[in-house]
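Participant: Below is a structure I'd like to ask you about.
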Amino acid sequence: MSNGVVIFAHNNGDIDYASLSLIAAKLAKTHLNVPVSVITDKETFSSVDQKEFQNVFDKIIFTPPSTTNNTRNLYDGVESKKVKFLNDLRPSVWDLTPYDRTLLIDCDYLIMSNTLSNYWDNENELLISGKYNDITGDERVGYHDRYVSDTGVKLYWATTVMFTKNERTKLFFDLVEHIRNNYNDYGDLFRFSTKQYRNDISFSIAKHILDGYISADVDLPPVLSTIDKDMLHSVDNGKLTFLLTPQSNQNYVFASVTDLDVHVMNKKSILRNAKELV
Amino acid sequence: MNFGYLIVVAEHNEIEYAKLAYALALSIKNTQKQGYDKVALVIDNKDLLEDIESKWVFDHIIEWDQETFWDGRSWMDELTPFEHTVCLDVDMLFTRDYSHWIDYFIDNCELYVANKAYTYRGDIVTNDYYRKCFTANGLPNLYSFFTFFAKNSELATEFFKLGRSIIKNPKEYSNLFLSKYKPKVLGTDEAFSLAAKILDITDDIAYPMEFPRVVHMKGAVQNFPSPSPNVTDKVGFYLNTNGEIKIGNYQQTDIVHYTEKELLKDSDIRLLEEIAWKIN
C-alpha cells in the first residue's frame, strides 16, 4: 500500500501558494519520509521554478483553476487585506491522489515532527483533526473553533486529513462536495454562518452524518495553530519563534516551538522565513 | 432473574406524571430485551391511569400515597416488587437495549447511583449551574435519575434509610452538612449525595463507568454560548416512527432525560404506542 502527502496549491494573486506548498512539502518529506504530491493549476505552475517543483514533488497533478468567488480577510501581523480564498477543490482529492493512503495537509501546515507517521497504519479509514490548539492556550480558542455553530456539531479541522482510498471514503468526499454545492441549505440545517465557504465545516458535517449523527472520538492529533495576526519571526535549526499578537493592553510576546507540527496562518511570514525553514 | 424498572409518580396540578410514566414504560418495552423490560409503577391514585390505553406496559401498578411529589422515590427500596431494580426519573425515554449493563449490575453491584450526565452533543456535563450546593459542600456528584439496587442489600437499606431521614429533616441536615450553600429544596439528588458522603460509600456505589449514559436536557448545562432554560428553545426535539430521537443535529443513543415536562405531545405517545403494539 502506498502512503503519501497531498497539498493543494493555487495562487490567488496575493499569496504565493506555490512557494508555500514547496516549503510544506520539503518539511513533510524530511519528517515523514514519504512522497509528496501537489495539486495545482497551469497558471500557478507557470509562476514557479518548474525544475525545483519537479524535484520536490513526487507527482504534479493539474486541475482547472478554481472558479469560486470566496474571499476572506487575511492578516499579516497588523496589516490585513481581503483576498481570494480558493478552497473549493478539496473534495477532488479522492479522485486525484496517487496514493492508497493519503495525508492531505494545508500548505501553511509545517510538519516538524514524525507524529503523523503513527497514523499510516491506523485502522480508521478516515481521520481528521478534531481539535484546534492555539499556541497561547485556551484564551484565544472561541466557541466556533470547537463547534460549527452555537447549537451545531463538533468542528473538525481539515488542515490535516488522512484517508484510505476506498468506496466509503469516496462517499465521504462526495458528501463534502454535495455540502459545498448546497452550502446555504446545510447552513439552515446545521445553523452555521454561510458568509464564507469553509472546508472545515463541510468536512465536519460530512463526518457527522456518516458517523450516524453522533460525535465519534477517533481523530488525528489537535492542530497546533498560530493565527494570522501572529508572525513567524525567525527559524533557527528547527526552532520556530513567533511574535504573538498583543492581547488587551499588552505588548507583543515571543513564543517558540520545537519538534511540533504547526499551522501557521500568517502565510506571508512563512514565505519570509522560507530559506531558514528548509 | 427478577429484574425491573421502577417509576414513582404522584398527582400534580399541572403536570400529567402518569402520562410521562406511560411514555417511559412504552420506550422500555420498545427497546429492552424480554426479561429486562419489566416496569413497576408506583402511583398515589390509580384513577390517573384511566385514559391510558395500554396499561399492560406496567407489569405492576402499586397504589401508594404515603409521600407527595418526588419524596416517594426515596422509598424505592421498600416499594419495588423486584429483587433487582433500577429506579428512574419519570421524564426519561429509552432509545436502545441496555440489558447487557443490567447483567453487569446484577452480577457486580448491590447499589449503584449514576454519577455523570451528558449533553445532547455527547459531552460530559461539567457545568454546575444547577449543582452549586454540590460544589460548595463537596458532595459527590450523584444523580438519582438512574439508581440500581438489590432488594436484600444491607448497604442499600442503610443508604436509603439515611436518604429518607435527610429528606424528612432538610433543615437539620442542611445546617449540619450543607452550610456553605444551602439548597432551596433538598431533593433526592442532594439527599443521595449527602447520604453517600456521610456513609463514606461513594467509591462503592458511584465508581466511574461508561453506563448509565443519560442525556440531561437542562438548558444551562449544554455548553451553549448563550444559555437558555430549555434546550428546545435552541434546537428541535424529533421522535420518529421507529422511536428514535434526534435533538438538533444529534442522533440520541443514550437515555434521554428530557426534563421539560410538556415536551411530549399526545402524538409522540401515539408513536410509541404504535411501536409497542407492533412488537407485542
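Readers should treat all values here as calculations from the given coordinates under stated rules, not as data from a laboratory. All of these numbers come straight from a predicted model, not from anything done at the bench. Quick reminder, even Gly has a Cβ in these numbers, built from the backbone with ideal geometry, and neighbours come from all protein chains shown.
Participant: Using amide H atoms built 1.01 Å from N in the peptide plane, name the residues 5+ places from B:A114, or on other chains, whose amide H lies under 5 Å from its own.
Facilitator: Residues meeting the amide H criterion: B:Y143, B:F146, B:F148.
Participant: Another question, then. Restricting to Cα pairs below 8 Å that are 6+ residues apart, what does the relative contact order work out to for chain B? Please round to a whole percent.
Facilitator: 22 percent
Participant: Gap in Å between the Cα centre of region B:112-180 and the Cα centre of region B:19-57?
Facilitator: Between the Cα centres of region B:19-57 and region B:112-180 lies a distance of 26 Å.
Participant: Please give, to one decimal in nm, the separation of the simple spin-label points placed at A:R146 and B:D65, each 7 Å out from Cα toward the Cβ.
Facilitator: Each label point lies 7 Å from its Cα, and together they span 4.9 nm.
Participant: Quickly estimate the mean residue ellipticity at 222 nm for chain A, helices only: each DSSP H run with n ≥ 4 gives -39500 (n - 2.57), and the total goes over all residues, rounded to 500.
Facilitator: Rounded to the nearest 500, the figure is -7500 deg cm²/dmol.
Participant: Under 8 Å for C-alpha pairs, at least 6 residues apart: give me the relative contact order for region B:131-280, rounded to a whole percent.
Facilitator: About 19 percent, as a whole number.
Participant: For A:L96 and A:I60, calculate 0.36 nm times their separation in residues minus their Cα-Cα distance, and state this gained length in nm to one decimal.
Facilitator: Taking A:L96 through A:I60 to full extension adds about 11.9 nm, to one decimal.
Participant: Going through region A:106-209, which GluC sites (Glu not before Pro) have at most 10 other Cβ atoms within 10 Å and a DSSP loop state?
Facilitator: A:E123, A:E139
Participant: Same structure again: Ordered by residue, what ³J(HN,Hα) values in Hz, to whole numbers, does region B:101-113 give under the Karplus form 6.51 cos²θ - 1.76 cosθ + 1.60, where θ = phi - 60° and Gly and Pro are x?
Facilitator: Couplings: 6, 5, 4, 4, 4, 4, 6, 10, 10, 9, 8, 9, 10 Hz.
Participant: While we're looking at this one, here's another question. Rank the residues B:I205, B:I62 as a footprinting-exposure proxy: fewest other Cβ atoms within 10 Å of their Cβ go first.
Facilitator: Least crowded to most crowded, the residues run B:I62, B:I205.
Participant: Just to check I understand the Karplus step: with θ = phi - 60° and J = 6.51 cos²θ - 1.76 cosθ + 1.60, what whole-Hz values come out for region B:87-92, glycine and proline as x?
Facilitator: Whole-Hz 3J(HN,Hα) from phi for region B:87-92: 8, 10, 5, 6, 8, 9.
Participant: Ranked by Cβ crowding within 10 angstrom, fewest neighbours first, how are B:M1, A:M265 ordered?
Facilitator: B:M1, A:M265
Participant: For n ≥ 4 DSSP H runs only, could you compute -39500 (n - 2.57) per run for chain B, divide by its residues and tell me the 222 nm figure to the nearest 500?
Facilitator: -9000 deg cm²/dmol
Participant: Something else now. How would region A:3-226 be classified by its alpha-carbon gyration tensor: rounded, prolate or oblate, with rounded meaning a/c under 1.5 and the a/b versus b/c comparison settling the rest?
Facilitator: In terms of gyration-tensor shape, rounded.
Participant: Are there trypsin sites (Lys or Arg not before Pro) in region B:12-41 that DSSP marks as loop and that have at most 11 other Cβ atoms within 10 Å, and which are they?
Facilitator: Those satisfying the criteria are B:K33.
Participant: Specify which residue in the list A:I61, A:F45, A:Y75 is farthest towards the positive end of the charge dipole of region A:3-226, using unit charges on the beta carbon of Lys, Arg (+1) and Asp, Glu (-1), about the Cα centre.
Facilitator: Among A:I61, A:F45, A:Y75, the one farthest towards the positive end of the dipole of region A:3-226 is A:F45.
Participant: Each label point is 7 Å from the Cα along the Cα-to-Cβ direction; what then is the distance between the points at A:R72 and B:K265, in nm?
Facilitator: That separation, rounded to one decimal, is 4.1 nm.
Participant: Test of understanding: what is the full-extension gain from A:D14 to A:E52, defined as 0.36 nm times their sequence separation minus their Cα-Cα distance?
Facilitator: 11.5 nm
Participant: Additional query: Towards the positive end of the charge dipole of region A:3-226, with charges on Cβ (+1 Lys, Arg; -1 Asp, Glu), say which of A:I23, A:T169, A:V141 has the farthest Cα.
Facilitator: A:I23
Participant: Under 5 Å between amide H atoms, partner at least 5 residues away or on a different chain: which partners does B:I62 have, H built in plane at 1.01 Å?
Facilitator: B:L41, B:V42, B:I43
Participant: With contacts defined as alpha carbon pairs under 8 Å and 6 or more residues apart, what's the relative contact order of region A:3-226 in percent?
Facilitator: Once divided by the residue count of region A:3-226, the mean separation gives 21 percent.
Participant: Once phi is turned into ³J(HN,Hα) by the Karplus curve 6.51 cos²θ - 1.76 cosθ + 1.60 with θ = phi - 60°, what whole-Hz value does each residue of region A:126-136 show in order, with x for glycine and proline?
Facilitator: Ordered by residue, 3J(HN,Hα) equals 9, 10, 10, 5, x, 8, 9, 10, 7, 4, 8 Hz.
Participant: In addition: Looking only at region A:128-166, which residues have a backbone nitrogen under 15 Å from a spot 7 Å from the Cα of A:V83 in the C-beta direction?
Facilitator: Residues passing the 15 Å test: none.
Participant: Now, a different point. Using the number of other C-beta atoms within 10 angstrom as an exposure proxy, rank A:E52, A:E79 with the fewest first.
Facilitator: Listing A:E52, A:E79 from fewest to most nearby Cβ atoms yields A:E79, A:E52.
Participant: Quickly work out the B:T232-to-B:H100 label distance, labels modelled 7 Å from Cα along the C-beta direction, and quote it in nm with one decimal.
Facilitator: Each label point is offset 7 Å from its Cα along the Cβ direction, giving 3.2 nm.
Participant: Let me ask another. Name the trypsin sites (Lys or Arg not before Pro) in region B:216-280 that are in a loop by DSSP and that have at most 13 other C-beta atoms within 10 Å, would you?
Facilitator: B:K265
Participant: Once a ≥ b ≥ c are taken as the square roots of the eigenvalues of the Cα gyration tensor of the protein assembly as shown, is the result rounded (a/c under 1.5), prolate (a/b larger than b/c) or oblate (a/b not larger than b/c)?
Facilitator: prolate
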